[in-house]
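Right, one structure below, let's go through it.
The values are calculated or read from the model by the stated rules, or taken from the named source; none is laboratory data. A quick note: this is a predicted structure, and the numbers were derived from the prediction, not measured. Quick reminder, even Gly has a Cβ in these numbers, built from the backbone with ideal geometry, and neighbours come from all protein chains shown.
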DNA sequence: CTGAAAGCGCTTACAG
DNA sequence: CTGAAAGCGCTTACAG
């Protein structure tokens, strides 16, 4: 087996200096067209391709962009990654993907690994456990551009790409009200997480705008799983003043609600309206089909990646960190359509 | 902003040679315990961590393992990646993830990039378009271990991890026969793809074992989408001799079948039995719930990663390439349960 | 047990 | 327009 050709082999083959080869490959203006042609031919002849690692070490320019996410195996996250990859690929950067698996310690370790791997930039969606941001400050201290998406921490001055959760929730509630529901409960996730805090805000704002009182009994926080949502729904239904609609801060929770309604033979949307969040792939398959808020995860990932590439292109431009909200869209299906039944 | 400490800073701080620091950090046996302790303290003091890129260039040992997949945003693939990441992470390797987006040209480009990035090994699930394997031979020529998973090409001598598609299909058909179905149709994907070829084999073998004739009219190949499956189902139902069960080579196809049955008010499982493949997350949510074959994607990814780590540990051991089949499991739900109704 | 020195494969100021 | 030479931050034979 022959060893892979390096730049010295190419230079020797042509009888020129390695610097000439290096410049020719980068289309450096000071190299003559004739020499460039010779170099490209030799490169093909010897099947040469530059060692990215060596180039990185010498130039200081990394060859990869790091991504840290809680877990890759969710519909939302894998679609974010899909969007990121589509944007990053043409730029020539590699994508190094790390999972925190929702643990702060692993996230910290991921950050260190990426720094030691000389990545050019880091895109992160923080874990549930992450409250301290020392590890993120470390990224900035190493002069590595950092962008947060979806799961962000607000204390840090970095660019953020998020779904406009407040708006998504607001529109969901407005829709329920339009459909004639007025006693609207909220099943929310852990309130310390950015997205759930904002969905709660949207819920409150929409009630206020429509002169509906906030009923503390109808607000159930910190629900994480389908079975917890099931139980919470049972409690709501058994209470003295049961709601006539339930807004869920995720589709997983909505599945628990539908399960509870089905078990008790309560009709949705006729008796109880249900809206989820995330527009997971099964929204068309539940009975009734599930109204939900589409977050456009591919666009979230793509935007984060685009901004990263912009930053990497003009490193010197220090712009003010901004937060970009991707506008969500309510996908109306049957579970909330008491007035007009949609075709699906 | 201070520059990150390098190994020279640590050596200078202690008044020792960089070689001593390097060896101490690797727990080299020739370094005294006392010196090691000093080095570790200095490392903490200066907040030093080794530059992986430089180490890679000098030692020739890569720091990353590359993964090439068609698309990350599928339930199956993102779970494979999840399994891979869980195994790779403790080893200290980074995971570089590339998408071919089902295009041969991009897959080729991914391979080149990974080689130039000096990855230690490559895990690949090939694209639909991939028939030529020159790019994979290139990986071997560069002495980089290669492992294929799920979507494999058979012409190459490499380790493979696959779901046992033949068995999965076989058991699905046996189950349908046990449930009293005897006129069993097959909706299959593109037959040139390994997994579909084998699911077809399993289908044929199970019919043969049970003395059922193969009915060419009931075998519809090259169905890729839900709507194609819908149309194919309509054709089957309208034919002179309609089947009494339909085995689908993917859950997506099964959704098209259920859609067609629903539209025509044909009851499943009573009139037509339906079995899918892949056990996608919505199997519990369809009406009827969908019997399907679970492939254990996390295990497939984890096995591939484990074998890669083994190969990287003892590089010299040239073992014979083997194919490992992960045994699938039929998850029986309502769509195929004509005799005994399962609880779900 | 420790150190001096070479070198991995590039890039880039500097010189001409 | 091209080349000689230094150096990125490590590791590793070799020497003692």
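Brief remarks follow.
- Taken together, B:196, B:170, B:181, B:203 contain a single residue that is part of a loop (DSSP other than H, G, I, E, B) and crowded, with 20+ Cβ neighbours inside 10 Å, which is B:181.
- Listed here are the strands (runs of 3 or more DSSP E) enclosed by the stretch A:225-297 that have at least 3 residues being within 24 Å of residue B:251 (Cβ to Cβ) and in contact with a strand residue (DSSP E or B) (Cβ under 8 Å, 6 or more places away or on another chain): A:291-294.
- Only one entry of B:152, B:147 meets the criterion of being outside any helix (DSSP H, G or I), at pLDDT 95 or above and within 17 Å of the chain's Cα centre (by Cα), and that entry is B:147.
- Any hit, the stretch B:300-308, residues being surrounded by fewer than 24 Cβ atoms within 10 Å (Cβ to Cβ), in the same structural domain as residue B:150 (by TED's automatic domain parsing), out of contact with any strand residue (DSSP E or B) (no Cβ under 7 Å at 6 or more places or on another chain) and in a loop (DSSP other than H, G, I, E, B): no
Each row is one residue, and each column tells you yes or no for (1) farther than 30 Å from residue B:294 by Cβ; (2) more than 8 Å from DNA strand C (Cβ to nearest atom); (3) touching a helix residue (DSSP H, G or I) at 6+ places or on another chain (Cβ under 9 Å).
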| position | (1), (2), (3) |
| --- | --- |
| B:15 | yes, no, no |
| B:20 | yes, no, yes |
| B:31 | yes, no, yes |
| B:34 | yes, no, no |
| B:40 | yes, yes, yes |
| B:57 | yes, no, yes |
| B:61 | yes, yes, yes |
| B:73 | no, yes, yes |
| B:77 | no, yes, yes |
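- All conditions but one from (1) more than 9 Å from every other protein chain (Cβ to nearest Cβ); (2) at pLDDT 95 or above apply to residue B:28; the one that does not is (2).
- Qualifying residues in the stretch A:1-13 (those that are within 14 Å of chain B (Cβ to nearest Cβ) and within 11 Å of DNA strand C (Cβ to nearest atom)) - the one surrounded by the most Cβ atoms within 10 Å (Cβ to Cβ): A:7
- All positions within the stretch A:58-86 that are more than 9 Å from chain B (Cβ to nearest Cβ) and in a strand (DSSP E or B): A:65, A:68, A:69
- Residues being assigned to a helix (DSSP H, G or I) and at the interface with another protein chain (Cβ under 8 Å from one of its Cβ atoms) - total across the stretch B:87-112: 3
- Of B:65, B:53, all but one fail to be buried (at least 22 other Cβ atoms within 10 Å of the Cβ) and away from DNA strand D (no atom under 15 Å from the Cβ); the exception is B:65.
- Here residue B:245 passes the criteria (1) under 19 Å from residue B:195 (Cα atoms); (2) surrounded by 15 or more Cβ atoms within 10 Å (Cβ to Cβ); (3) more than 14 Å from chain A (Cβ to nearest Cβ) except the one numbered (1).
- The residues of the stretch A:113-144 that are within 14 Å of chain B (Cβ to nearest Cβ) and either without any contact (Cβ under 8 Å) to a residue 12 or more places away in the chain or assigned to a helix (DSSP H, G or I) (or both), listed by number, are A:113, A:114, A:115, A:116, A:134, A:135, A:137, A:138, A:139, A:140, A:141, A:143.
- Extreme residue, nearest to residue A:54 (Cα to Cα), among residues of the stretch A:23-39 that are near DNA strand D (Cβ under 8 Å from one of its atoms) and under 39 Å from the mean Cα position of the chain (by Cα): A:23
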